[in-house]
Amino acid sequence: MKITCISGSPNAGGNNEKIIDLICGMLKERGFETAKILLSDMNVQPCTDCGACKKEKVCPIEDDMAEVSRLLETSDGFIVSSPVFFGSVSAQLKALFDRTILLRRNGFLLKGKVGGAVAIGGSRNGGQEFTIQAIHSWMHIHGMIVVGDMSHFGGIAVKPVESDEAGSKTIRDTVNMVCDTLERFK
Ligand SMILES: Cc1cc2nc3c(=O)[nH]c(=O)nc-3n(C[C@H](O)[C@H](O)[C@H](O)COP(=O)(O)O)c2cc1C
């Protein structure tokens, strides 16, 4: 089974990408195949609501979204990590979310996949919970199975993430919840 980790940060090597590396290590130890989508490294433009995905079932924007969609479609689960930007997800991640409307309009292709969320902020109470809710909304609107960290909503951390022990535990717990849930389907 494959779990794809998405980093919504524009910063290569930043807190979200460091945590994605740790998460991929955990997933491999648990026997899952992994893939990464790092938005610092990809060109995903915002949706323009042109309507082509409704009428012709295609997206005319030429960027990296075709590759992202292929990865999403072939995954069984996701861990989505975002920096907190003004109390919510990054613009880069929101652009990816909006562009997945093509997968929804082509027959709910992400339905039934398992998802967990991580939010990393510069402040302790900087809007991580709302950011996670925004990620969960994307998952619910696709009909995914959404899990938290077993006690609350998901991975909630403050940078520098490697020094945030309590936050790192919520991230590990979220990863284990995604794995445990997927293992029920094996
Ligand atoms: C435009 C912008 C807005 C931000 N807004 C918030 C915020 O509302 N709350 C918060 O805790 N941190 C905020 N931050 C800090 C980022 O969440 C923090 O730097 C994050 O950990 C960066 O992750 P990265 O290292 O993976 O890029 C903001 C940073 C930027 C650039």
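The values are calculated or read from the model by the stated rules, or taken from the named source; none is laboratory data. It should be emphasised that the depicted structure is a prediction, and the values quoted were computed from it without experimental measurement. Cβ sites come from the backbone with ideal geometry, for glycine too, and all protein chains shown count toward neighbours. Please note that ligands, DNA and RNA were not included when accessible areas were found on the heavy atoms of the full protein model with its side chains. Shrake-Rupley method; radii C 1.70, N 1.55, O 1.52, S 1.80 Å.
Figures for the structure shown
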read-out: Span from the segment 29-80 Cα centroid across to the segment 103-132 one, whole angstrom; value: 14 Å
read-out: Relative contact order [Cα under 8 Å, 6+ residues apart], the chain, whole percent; value: 22 percent
read-out: Value of [θ]222 nm, deg cm²/dmol, for the chain, DSSP H segments ≥ 4, -39500 (n - 2.57) each, nearest 500; value: -12000 deg cm²/dmol
read-out: Relative contact order, percent, segment 1-97 [alpha-carbon distance under 8 Å, six or more residues apart]; value: 44 percent
read-out: Among Glu129, Glu73, Glu17, residue whose mean-square fluctuation peaks in a GNM of the chain (springs only between Cα atoms under 10 Å); value: Glu73
read-out: Antiparallel DSSP beta bridges within the chain, percent to nearest 5; value: 5 percent
read-out: Using a Förster distance of 45 Å, the FRET efficiency for Phe108-Glu165 (Cβ separation, nearest 0.05); value: 0.70
read-out: Surface accessible to a 1.4 Å probe, Asp180 within the full protein complex, Å²; value: 70 Å²
read-out: GNM flexibility winner over the chain from Asn15, Asn125, Asn176 (Cα, springs under 10 Å); value: Asn125
read-out: Residue among Glu67, Glu56, Glu162 with the largest mean-square fluctuation in a Gaussian network model of the chain, springs linking Cα atoms under 10 Å; value: Glu56
read-out: Computed lengthening from Glu29 to Thr48, 0.36 nm per intervening residue step minus Cα-Cα distance; value: 2.8 nm
read-out: Nonlocal amide H pairs with Gly115, under 5 Å, H built at 1.01 Å; value: Phe78, Ile145, Val146, Val147
read-out: Segment 2-183 pair-distance distribution - Cα-Cα, 10 Å bins, rounded %; value: 10, 41, 36, 11, 1
read-out: Other-chain or far-sequence residues with amide H under 5 Å of Ile37's (modelled H); value: Cys5, Ile6, Ser7
read-out: Heavy-atom accessible area per residue - segment 2-183, 1.4 Å, Å²; value: 46 Å²
